[in-house]
Amino acid sequence: MTARCFAVIGAGSIGVAFALVFARAGHRVRVVDPDPRRRAAVDGEIALRLDDLAAHGLFEGDAAAVRTRIEATADLAHGVADAVLVMECAPENESVKRALFAEIAAAAPADAILASASSAIGASRFAADLPEAARARCLVAHPGNPPTLIPVIELVPAPFTARETMDAAERLLAGCGMLPVRLGREVEGFVYNRLQGALLREAYCLVRDGVVSATDLDTIVRDGLGLRWSVVGPFATADLNVRGGIAAHAQRMGAAYARMGAERGQDDPWTEDLVARVDAERRAVLPLERWDEGVRARDVGLMRALAARRVAPDGGGEPR
């Protein structure tokens, strides 16, 4: 019996990237797009991305075999006919997504997972009018851009999303080499964009207030915060910055961060119970008696990142 396909709705940059993620994992993929120019461009874009991955040692498979697994079509019903997972990658427009999900739900198999790569619009807004059984199979699967290189993908349930849907989506996407993170509930922008938005809002304010130039701010993030965050996240960073861990960091720095927030009209103090909750998670990962080991592991990770930057081929990233 032929394995069921993965369907991608939309042949833009995210849709093509998802097609590559799925095909690279060995799955048949149908990419649906009404624009003949976008359909015609899919194979060439896949070939270019595979060449780039191979040039950087990130792909060692049979590129021709990957490309033959991907079919571009204008026929949505054909595209989703035997799909186990449908990944909608249409423009960020609620009415467009609502119409598409009605069409997808009517044409896809009754057990297909119906996911959207939406950046900020929750499934409760575009799938609420579907029949109950179809609603239960809908969720947002929000990737980093591009998903071929950034494996973390947020799985965001609507209030009507079935737990079995979340389980199946997590299993399918993990099987394609992605790193699914399950959110507890819908929130606009999800986690990726709320974190990015918080940093970007402050960045604009700092430029506006004459504190730093846009170019220098990018330097601070790219070669400072971003370099460190490529090894450890913000909670781990705080945990490893102060002997005694994140609880000691909050005690030492919490008031200063509260004043910074108050400057921007924000009142979200790090309460004792909230700090204790985060501290408990960190201690489960890294007991305090192993704190020095954690610091060294961070430093080794930074050294590896710096060494990789030094030997990286030309043409990667922004010119410096």
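The values are calculated or read from the model by the stated rules, or taken from the named source; none is laboratory data. Treat the numbers as computed from the prediction; the structure is a model and nothing was measured. Here Cβ is always computed from backbone atoms with ideal geometry, including for glycine, and neighbour counts include all displayed protein chains. When the accessible area is computed, the model is the full protein with side chains, heavy atoms only, and any ligands, DNA or RNA have been set aside. Shrake-Rupley method; radii C 1.70, N 1.55, O 1.52, S 1.80 Å.
Largest GNM mean-square fluctuation among A90, A307, A105, using the chain with Cα springs under 10 Å: A307.
For P(r) over Cα pairs in 10 Å bins from 0, in percent, the candidate list reads (1) 5, 21, 28, 25, 16, 4, 0; (2) 5, 21, 22, 19, 17, 10, 4, 1, 0; (3) 6, 25, 29, 23, 12, 4, 0; the entry that matches the value derived from this model is (1). Relative contact order of the chain, taken over Cα pairs closer than 8 Å and 6 or more residues apart, is 12 percent. Heavy-atom accessible area for R67, with the other protein chains in place and a 1.4 Å probe, reaches approximately 90 Å². The packing ranking, built from the mean of other Cβ atoms within 10 Å per residue, places the peptides 142-150, 210-218 in the order 142-150, 210-218, highest first. Where both bridge residues fall in the chain, DSSP classifies roughly 15% of the beta bridges as antiparallel.
Going by accessible surface with a 1.4 Å probe and the largest first, E92, E45, E154 read E92, E45, E154. The accessible-area ordering, largest first, of the residues F18, F59 stands as F59, F18, per a 1.4 angstrom probe.
Placing a pseudo-label 7 Å from each Cα along the Cα-to-Cβ vector at A256 and E272 gives an inter-label distance of 2.4 nm. Rounded to the nearest 0.05, the FRET efficiency derived from the C-beta distance between T68 and D216 at R0 = 56 Å is 0.70.
Across D129, D279, D299, the residue with the most accessible area heads the list, and the full order at a 1.4 Å probe is D129, D299, D279. FRET efficiency for H78 and N145, Cβ-Cβ distance as r, R0 = 22 Å, nearest 0.05? Calculated transfer efficiency: 0.20.
Run the numbers on segment 161-265 and let me know its relative contact order in percent, using alpha-carbon pairs under 8 Å that are six or more apart. Relative contact order, segment 161-265: 8 percent.
Stretching the chain fully between R185 and D292 yields a gain of 35.0 nm (0.36 nm per residue, less the alpha carbon separation). So what's the angle, to the nearest 10 degrees on a 0 to 90 scale, between helix 291-311 and the longest Cα principal axis of the chain? Rounded to the nearest ten degrees, it is 60.
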